[in-house]
Amino acid sequence: MINHPIFRWLYHAIRVLIAGLFLYAGGSKLFTLPSFAQTISDYGLVPEALVLPTAFLLVMAELIAAGMLLLDIRGGLTGITVLLVLFIMIFLYALQLGLDVDCGCFGPGEQHHSSEGLKQAVYRDLVMLAGCIFLYWYRFVSAIRLKGLKEFLFYISLLPTKREK
(Lines give C-alpha, C1' and ligand atoms only; values in the text may rest on other atoms or scores of the structure.)
Protein backbone atom coordinates (compact mmCIF):
# COMPACT_ATOMS: atom_id res chain seq x y z
CA MET A 1 0.00 0.00 0.00
CA ILE A 2 2.80 2.45 0.90
CA ASN A 3 4.60 1.78 -2.38
CA HIS A 4 1.44 2.61 -4.29
CA PRO A 5 2.24 4.96 -7.19
CA ILE A 6 -0.04 7.69 -5.79
CA PHE A 7 2.12 8.01 -2.66
CA ARG A 8 5.29 8.07 -4.74
CA TRP A 9 3.75 10.72 -7.01
CA LEU A 10 2.59 12.76 -3.99
CA TYR A 11 6.06 12.54 -2.46
CA HIS A 12 7.69 13.99 -5.57
CA ALA A 13 4.96 16.58 -6.17
CA ILE A 14 5.07 17.93 -2.61
CA ARG A 15 8.87 17.91 -2.56
CA VAL A 16 9.12 19.84 -5.84
CA LEU A 17 6.34 22.25 -4.85
CA ILE A 18 7.90 23.17 -1.49
CA ALA A 19 11.37 23.44 -3.03
CA GLY A 20 9.99 25.60 -5.84
CA LEU A 21 8.24 27.94 -3.40
CA PHE A 22 11.44 28.36 -1.39
CA LEU A 23 13.52 28.90 -4.53
CA TYR A 24 11.07 31.55 -5.73
CA ALA A 25 10.92 33.22 -2.31
CA GLY A 26 14.69 33.16 -1.82
CA GLY A 27 15.38 34.34 -5.36
CA SER A 28 12.95 37.25 -5.14
CA LYS A 29 14.52 38.37 -1.86
CA LEU A 30 18.06 37.97 -3.15
CA PHE A 31 17.47 40.60 -5.82
CA THR A 32 15.92 43.02 -3.29
CA LEU A 33 18.15 42.30 -0.30
CA PRO A 34 18.06 45.83 1.23
CA SER A 35 14.26 45.77 1.20
CA PHE A 36 14.22 42.34 2.84
CA ALA A 37 16.75 43.58 5.41
CA GLN A 38 14.35 46.43 6.25
CA THR A 39 11.56 43.90 6.75
CA ILE A 40 13.78 41.95 9.16
CA SER A 41 14.60 45.19 10.96
CA ASP A 42 10.87 45.92 11.39
CA TYR A 43 10.52 42.82 13.58
CA GLY A 44 13.10 44.21 16.03
CA LEU A 45 14.75 40.85 16.67
CA VAL A 46 18.19 41.54 15.20
CA PRO A 47 20.58 44.40 16.06
CA GLU A 48 20.80 46.97 13.26
CA ALA A 49 24.44 46.15 12.51
CA LEU A 50 23.51 42.51 11.82
CA VAL A 51 20.34 43.05 9.78
CA LEU A 52 21.92 42.92 6.30
CA PRO A 53 24.14 39.89 7.07
CA THR A 54 21.12 38.13 8.62
CA ALA A 55 19.04 38.86 5.54
CA PHE A 56 21.76 37.45 3.30
CA LEU A 57 22.21 34.32 5.44
CA LEU A 58 18.45 33.66 5.56
CA VAL A 59 18.14 34.00 1.79
CA MET A 60 21.12 31.74 1.19
CA ALA A 61 19.77 29.18 3.67
CA GLU A 62 16.45 29.19 1.81
CA LEU A 63 18.10 28.77 -1.59
CA ILE A 64 20.55 26.07 -0.49
CA ALA A 65 17.94 24.05 1.43
CA ALA A 66 15.47 24.36 -1.45
CA GLY A 67 18.06 23.24 -3.98
CA MET A 68 18.98 20.28 -1.82
CA LEU A 69 15.32 19.34 -1.35
CA LEU A 70 14.69 19.66 -5.08
CA LEU A 71 17.60 17.30 -5.81
CA ASP A 72 16.58 15.03 -2.89
CA ILE A 73 19.92 15.47 -1.14
CA ARG A 74 20.17 14.58 2.54
CA GLY A 75 19.68 17.63 4.78
CA GLY A 76 17.46 19.62 2.42
CA LEU A 77 14.18 18.62 4.06
CA THR A 78 15.62 19.25 7.52
CA GLY A 79 16.79 22.72 6.45
CA ILE A 80 13.35 23.60 5.06
CA THR A 81 11.63 22.26 8.18
CA VAL A 82 13.89 24.29 10.48
CA LEU A 83 13.25 27.45 8.42
CA LEU A 84 9.49 26.89 8.49
CA VAL A 85 9.45 26.43 12.26
CA LEU A 86 11.61 29.56 12.65
CA PHE A 87 9.31 31.61 10.40
CA ILE A 88 6.17 30.38 12.19
CA MET A 89 7.66 31.31 15.57
CA ILE A 90 8.62 34.79 14.32
CA PHE A 91 5.16 35.39 12.81
CA LEU A 92 3.45 34.27 16.03
CA TYR A 93 5.76 36.59 17.99
CA ALA A 94 4.78 39.50 15.71
CA LEU A 95 1.08 38.65 16.07
CA GLN A 96 1.40 38.44 19.86
CA LEU A 97 3.01 41.90 19.99
CA GLY A 98 0.56 43.33 17.48
CA LEU A 99 3.34 44.43 15.13
CA ASP A 100 2.23 46.05 11.87
CA VAL A 101 4.84 44.43 9.62
CA ASP A 102 5.11 42.70 6.29
CA CYS A 103 5.81 38.96 6.52
CA GLY A 104 8.63 39.33 3.96
CA CYS A 105 7.93 35.88 2.55
CA PHE A 106 8.15 36.63 -1.16
CA GLY A 107 10.04 39.89 -1.20
CA PRO A 108 8.81 43.47 -1.39
CA GLY A 109 5.93 42.73 -3.79
CA GLU A 110 3.89 41.17 -0.99
CA GLN A 111 3.00 44.16 1.18
CA HIS A 112 0.46 42.96 3.77
CA HIS A 113 1.06 45.28 6.71
CA SER A 114 -1.60 43.78 8.94
CA SER A 115 -2.23 40.91 11.26
CA GLU A 116 -4.23 39.24 8.47
CA GLY A 117 -1.11 39.04 6.29
CA LEU A 118 0.85 37.47 9.13
CA LYS A 119 -1.98 35.02 9.87
CA GLN A 120 -2.02 33.99 6.21
CA ALA A 121 1.74 33.48 6.35
CA VAL A 122 1.38 31.28 9.46
CA TYR A 123 -1.33 29.18 7.77
CA ARG A 124 0.72 28.89 4.57
CA ASP A 125 3.79 27.80 6.54
CA LEU A 126 1.74 25.31 8.57
CA VAL A 127 0.50 23.73 5.33
CA MET A 128 4.08 23.49 4.06
CA LEU A 129 5.13 22.04 7.44
CA ALA A 130 2.40 19.40 7.06
CA GLY A 131 3.86 18.65 3.63
CA CYS A 132 7.30 18.24 5.22
CA ILE A 133 5.84 15.85 7.79
CA PHE A 134 4.36 13.80 4.94
CA LEU A 135 7.78 13.73 3.24
CA TYR A 136 9.44 12.53 6.45
CA TRP A 137 6.73 9.90 6.91
CA TYR A 138 7.03 8.63 3.34
CA ARG A 139 10.81 8.46 3.55
CA PHE A 140 10.55 6.49 6.78
CA VAL A 141 7.94 3.94 5.66
CA SER A 142 9.36 3.41 2.18
CA ALA A 143 13.03 3.49 3.27
CA ILE A 144 14.10 5.94 0.57
CA ARG A 145 17.87 6.17 0.29
CA LEU A 146 18.88 9.79 -0.12
CA LYS A 147 21.96 10.97 -1.91
CA GLY A 148 24.61 12.44 0.33
CA LEU A 149 26.38 15.60 -0.76
CA LYS A 150 29.61 13.67 -1.46
CA GLU A 151 27.75 11.21 -3.67
CA PHE A 152 26.02 14.05 -5.52
CA LEU A 153 29.31 15.87 -6.12
CA PHE A 154 30.84 12.60 -7.33
CA TYR A 155 28.09 12.22 -9.93
CA ILE A 156 28.60 15.81 -11.07
CA SER A 157 32.32 15.13 -11.51
CA LEU A 158 31.42 12.34 -13.94
CA LEU A 159 29.64 14.74 -16.28
CA PRO A 160 31.50 15.33 -19.52
CA THR A 161 33.61 18.47 -19.67
CA LYS A 162 34.65 20.56 -22.66
CA ARG A 163 37.13 18.81 -24.88
CA GLU A 164 40.51 20.37 -25.28
CA LYS A 165 41.37 21.45 -28.82
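The values are calculated or read from the model by the stated rules, or taken from the named source; none is laboratory data. Values in this document were obtained by computation on a predicted structure and should not be read as measured data. Don't worry about glycine lacking a Cβ; one is built from the backbone with ideal geometry, like all the others, and counts go over all protein chains shown.
At a glance:
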quantity: Residues (surrounded by 20 or more Cβ atoms within 10 Å (Cβ to Cβ) and under 19 Å from LYS29 (Cα atoms)) located in the stretch 70-80; calculated: ILE80
quantity: Candidate set: the stretch 8-50, residues that are modelled with pLDDT under 95 and of a type in the set (Lys, Arg); chosen: the one surrounded by the fewest Cβ atoms within 10 Å (Cβ to Cβ); calculated: ARG8
quantity: Per-region count, the stretch 71-108, residues acidic (Asp, Glu) and either within 12 Å of ALA121 (Cβ to Cβ) or in contact (Cβ under 8 Å) with a residue 60 or more places away in the chain (or both); calculated: 2
